[in-house]
Amino acid sequence: MSSMTICARFRPLSSKERRDHGDTVCIRCIDAETFLFKDEKDEEFTFSFDKVFYEKSEQAQVYEFLAWPIVKDAVDAINGTIITYGQTGAGKTYSMEGPSILVCDEQKRGLLPRVVEGLFDCIKSSGGTMKHSIKLSMVEIYMEKVRDLFDLSKDNIQIKESKSQGILLNGVTEISVSDPAEALQSLSSGIANRAVGETQMNMASSRSHCIYIFTVHQEVKRDDRLKTGKLILVDLAGSEKVEKTGAEGKVLEEAKTINKSLSVLGNVINALTCGSPGKVNHIPFRDSKLTRILQDSLGGNSRTALLCCCSPSPSNALESLSTLRFGMRAKHIKMSPRVKCNEDKCAKKQGPASSPIKHESCDII
Ligand code: ADP
Ligand code: MG
């Protein structure tokens, strides 16, 4: 059993924050894992994470620490999930996509284009003993409806659970991609579909959860065995509270829905971390679409990383504190990732143990 990897990331001060508070920040770095945080009443808190990325941290450092180990495992059929959490404007999308996934400075490229390249690099270096294929899906959860960003006519995708494959999005578009350029082109079209909604739906990008799903099939040529790893990237909707945004009407409804799904995410994390040993604890995965989709990720069958994105400004101290506390709670979730494989093929081909990772649907490794 391992814990989730939890990191905090502070973006540089925005020009508005500089205008309001000059260069003042509410954090003091102690080391790469620990910092002091001062709230609006000047009370100090010490936080420790697996890694803290301060304002000068590079996108590449975030990728190397947080995402690369998960990418390598996904190619070996171990599920992985990477989540960005935080208030609107805290740097979730910047961390996930960078300024653009197609054209931007190498230095500024976000996790998504790096993950795509990492996946294809891993496949290339696995040599000719295995045949890999990658499929992509991209959905958005808006007002508790799952919309297919590759096919906007599918605007209410249902979530199903299969014994061998876990949580599935029924009928979601899956695009087969054979190289990074093709994958990035597809992702960019999905992102554009999200952006179209942005004007219609009042900043949809911060009012919806965006979920990128990479399904990596691995066929071992020698014995025809088929294994599948699912890598899910989640750019969550903003976690700010309704009262602070002064929302009304439709925006208020959106904010309430977001708050509900994020609070269900918090409840799921609480239930996963507060259970007493030996006692079966009810985990409320079904209380929101987000937690249902993330059930395999949070419930244990995944390597999961959470990036808690924060502003370093005293003007956002309350929201940053809430984000950091959310991350601290998640730290206590224990994960036990397992290799998934196609049951029919595995049943025929049982082999000797070669990995300490528990096999989910049959006992071949
Ligand atoms: P969110 O997705 O959390 O709402 P964004 O990622 O859109 O927030 O970031 C808000 C603004 O801050 C954007 O203009 C973005 O370019 C900038 N920003 C965020 N993080 C960083 C960073 N690490 N370095 C430089 N600029 C950043
Ligand atoms: Mg965003």
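The values are calculated or read from the model by the stated rules, or taken from the named source; none is laboratory data. Note that the structure is a prediction, hence the values are computed from the model and not measured. Quick reminder, even Gly has a Cβ in these numbers, built from the backbone with ideal geometry, and neighbours come from all protein chains shown. Note: accessible area is taken over every heavy atom of the protein model, side chains too, but ligands, DNA and RNA are not part of it. Shrake-Rupley method; radii C 1.70, N 1.55, O 1.52, S 1.80 Å.
Just one of the listed residues (Thr93, Thr81) is out of contact with any Cys (no Cβ under 7 Å at 6 or more places or on another chain), among the polar types (S, T, N, Q) and away from ligand 2 (no atom under 16 Å from the Cβ), namely Thr81. In this entry, Glu64 passes the filter for residues that are within 16 Å of ligand 1 (Cβ to nearest atom), without any contact (Cβ under 8 Å) to a residue 40 or more places away in the chain and acidic (Asp, Glu). Counting residues in segment 90-109 that are over 25 Å from Leu149 (Cα atoms) and either of a type in the set (A, V, I, L, M, F, W, C) or in contact (Cβ under 8 Å) with a residue 12 or more places away in the chain (or both) gives one or more.
Can you find, within segment 223-258, the residue that is nearest to ligand 1 (Cβ to nearest atom) among those that are modelled with pLDDT of 80 or more and over 27 Å from Ile191 (Cβ atoms)? So, considering only residues that are modelled with pLDDT of 80 or more and over 27 Å from Ile191 (Cβ atoms), the one nearest to ligand 1 (Cβ to nearest atom) is Lys227.
Could you count how many residues in segment 42-57 are surrounded by fewer than 17 Cβ atoms within 10 Å (Cβ to Cβ) and within 20 Å of Phe326 (Cα to Cα)?
Step one: list which residues in segment 42-57 are surrounded by fewer than 17 Cβ atoms within 10 Å (Cβ to Cβ), which gives 42-46, 48, 54-56.
With the extra rule that they be within 20 Å of Phe326 (Cα to Cα), the set shrinks to 43-46, 48, 54.
Going through segment 42-57 one residue at a time, the tally reaches 6.
What are the pairs, 6+ residues apart or on separate chains, where a residue within segment 22-46 that is on the phi < 0 side of the Ramachandran plot has its Cβ under 7 Å from a residue that is among the basic types (Lys, Arg)? Taking only residues 6 or more apart or on different chains, the pairs are Cys26/Lys38; Ala32/Lys51; Glu33/Lys51; Phe35/Arg28; Leu36/Arg28; Glu44/Lys38. Counting only residues that are within 16 Å of ligand 1 (Cβ to nearest atom) and either over 22 Å from the mean Cα position of the chain (by Cα) or more than 18 Å from Lys230 (Cα to Cα) (or both), segment 107-136 holds 4 of them.
The single condition among (1) at pLDDT 85 or above; (2) surrounded by fewer than 22 Cβ atoms within 10 Å (Cβ to Cβ); (3) farther than 27 Å from Leu168 by Cβ that Cys310 does not satisfy is (2). State whether the residues of segment 16-33 include one that is away from ligand 2 (no atom under 16 Å from the Cβ), surrounded by 14 or more Cβ atoms within 10 Å (Cβ to Cβ), within 24 Å of the chain's Cα centre (by Cα) and assigned to a strand (DSSP E or B). Within segment 16-33, none of the residues are away from ligand 2 (no atom under 16 Å from the Cβ), surrounded by 14 or more Cβ atoms within 10 Å (Cβ to Cβ), within 24 Å of the chain's Cα centre (by Cα) and assigned to a strand (DSSP E or B). The lone criterion from (1) buried (at least 18 other Cβ atoms within 10 Å of the Cβ); (2) out of contact with any Ser or Thr (no Cβ under 9 Å at 6 or more places or on another chain); (3) modelled with pLDDT of 95 or more left unmet by Ala60 is number (1).
Against the list (1) assigned to a helix (DSSP H, G or I); (2) open to solvent by less than 40 Å² (accessible area, probe 1.4 Å); (3) farther than 30 Å from Gln295 by Cβ, the condition Ile70 fails is (3). Can you confirm whether Tyr94 is under 21 Å from Thr173 (Cβ atoms), among the aromatic types (Phe, Trp, Tyr) and open to solvent by 20 Å² or more (accessible area, probe 1.4 Å)? When the stated conditions are applied, Tyr94 does not pass them.
Looking at the structure I just gave you, is Gln87 within 19 Å of the chain's Cα centre (by Cα), at pLDDT 95 or above and surrounded by 17 or more Cβ atoms within 10 Å (Cβ to Cβ)? Outline the logic, then answer.
On the way: within 19 Å of the chain's Cα centre (by Cα): yes; at pLDDT 95 or above: no; surrounded by 17 or more Cβ atoms within 10 Å (Cβ to Cβ): yes.
Against the criterion (within 19 Å of the chain's Cα centre (by Cα), at pLDDT 95 or above and surrounded by 17 or more Cβ atoms within 10 Å (Cβ to Cβ)), Gln87 does not qualify.
Given the residues Val115, Val75, Val139, Val103, which is the only one that is of a type in the set (A, V, I, L, M) and open to solvent by 30 Å² or more (accessible area, probe 1.4 Å)? Let's see the steps before the verdict.
On the way: Val115 fails: open to solvent by 30 Å² or more (accessible area, probe 1.4 Å); Val75 fails: open to solvent by 30 Å² or more (accessible area, probe 1.4 Å); Val139 fails: open to solvent by 30 Å² or more (accessible area, probe 1.4 Å).
None of the others qualify; the one that does is Val103.
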